[in-house]
Every structure is written in structure tokens, then in C-alpha cells.
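Worksheet: one structure, shown below.
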Amino acid sequence: MQGVPGQFDHPSDSAQFRHPPHRAGVELYRAHIVRHAFELHCHDGFGLGAIESGVERFRYRGGQHLAPPDSLVTMNAGELHTGRAETEDGWHYRMIYIDPALVAQITGEPGWWFDRPVGMDAAGARAATALLDALWRADEPLAFDSLLSRLLDRFRAHARVPRPAPAQAPVRFAPVLDYLHAHLAERLSLDQLAAVAGLSPFHFLRQFRAQHHATPQQWLMALRLSRAKRLLDAGEPPARVAVDVGLSDQAHLTRAFARRYGVTPARYQRQVLR
């Protein structure tokens, strides 16, 4: 990434990058910087992120700014800026660099821009940190795109946005839900589901969320875990159930099942089959 060295001089400084292979125009970044001072540089996309700990000082649009813990960082594309630690132990932060055209596709709102580079929004910053961490770990394209949409929702309150276009008539998604039921064990993409609905990908995502109050990935996981529950009721071993419903392994099933039903699959199965 422009402005970031391939290797830092100080051992306490570290940075990692991730480019999702299916979604151009997105770069994820997480770092802990103690000694390094970033010289003036810019990014092609919006720089949106959150400070986890420590304080960053940076120059942006001719002024000096401080970003404390639990604050949001919101930089416009192409703006020169610096960056260095204001606190002795440096600062931990996560960022996403995202093409403005992609933001417009995802949100349906072209013309986003930010007039303040630091947002004092502790709840929003903690939520953004959690979403950025989830994006880093997401291994399914549909899950990634759903999280990306939710992340932009968090920054929406801090963006200047032109007046929205008139609302469109709702779209029915019964064929999409049937498709999800029929392909639970597959790695699905937003493009696949949008094609079923006959819509462009992020227009589909917006309409689906507006109508069902959940992302397609959340629906998919709910359907997967509902089927897992039925298979466990039938006595199927949890390891086989995980494969049958499209989860990566038994540990993934255990985490997902416990989050939704309050018990592990093994304990649930012992309770219902005794």
C-alpha cells in the first residue's frame, strides 16, 4: 500500500494487509505502530477505520488531528495525510480502503464524502472494529459482502450524502430463499443470489435487507443451523452434520450452534436423544 514500508525499522511496529479475491476495490489493513512516522501519502479509496487503543496524530487537509481510542477515522479518497503515534505505546487500529464507486454500488448513494477526519463515536468505533475483524476472517464471499454492507452502515451517519432517489417498489425474494434452501452446503456468492433475483448485486443486497431485516448471509446461516438441528435430532454425528450444512468443520458448527441455541451440538443431541 502506498505510504507503508515493506518492513518497519522498529520491531514493535507491524502491519498486515488483505485483499479479498472476489471483490476488487477493497483493501483491509490492521496495524500496531509505535515508532514509525508515515510520511505524506494518499489512497485511491476512502480510508475508513477505527482506533482500538492508543492515540494517532496525523496531518490532513493542512491541519493536525488526534484520533483517540474508540474513535472513527474517515478520510476521503486522494487526500494527502501523515500518521504517527501520540502515545508512548503506539496505537492499534484497523482500516478499510474502499473505492468510492464501490461504496456507491453497495449503498446506492453516489457522492459520499466526509468533512471531519475523526468521529467521536465510541459505540460506532467498537462496532466498526468488530466488523473489520469479522471481514478479515470471513472466508465466504457472501459473508464478506454482507459484512461490508453492514460496515458502511456504521459510517453512513458520519458521511455527507446527497439527497436519496425516490424509493422503489419492493422486490419479492421467494426464489432466492428457495435457492438458499437448495444450496445450503455450497459456497454462495452475492452475484449468484442477485442473478436469481434478476438484480445487480448490491441493489439486490439493499432490497433484501430492507425487506427481510437481515443479510442473505444471515438467512443462509439461520437455514444451515436449522437443518443442522434437524440432522442432530435424527442422530447424525456432529462432524458429518457440519459437512452436510456447508460449515468448515465441527468447531465451526459448535460455535455457530451455541451462538444461536445456547448449547453445543453434542450437548443438544444428548439432551434430545436420551
Regarding the chain, what is the average projected area of its C-alpha convex hull, in nm²?
16.4
For the chain, take the longest principal axis of its alpha carbons; what is the angle in degrees between that and the long axis of helix 216-233, to the nearest 10 within 0 to 90?
40
So what is the 222 nm mean residue ellipticity for the chain from helices alone, if each DSSP H run of at least 4 adds -39500 (n - 2.57) and you divide by all residues, rounding to the nearest 500 deg cm²/dmol?
-13000 deg cm²/dmol
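Bear in mind these aren't lab numbers, they're just calculated from the coordinates by the rules spelled out. Since we're looking at a predicted model, the values are computed, not measured.
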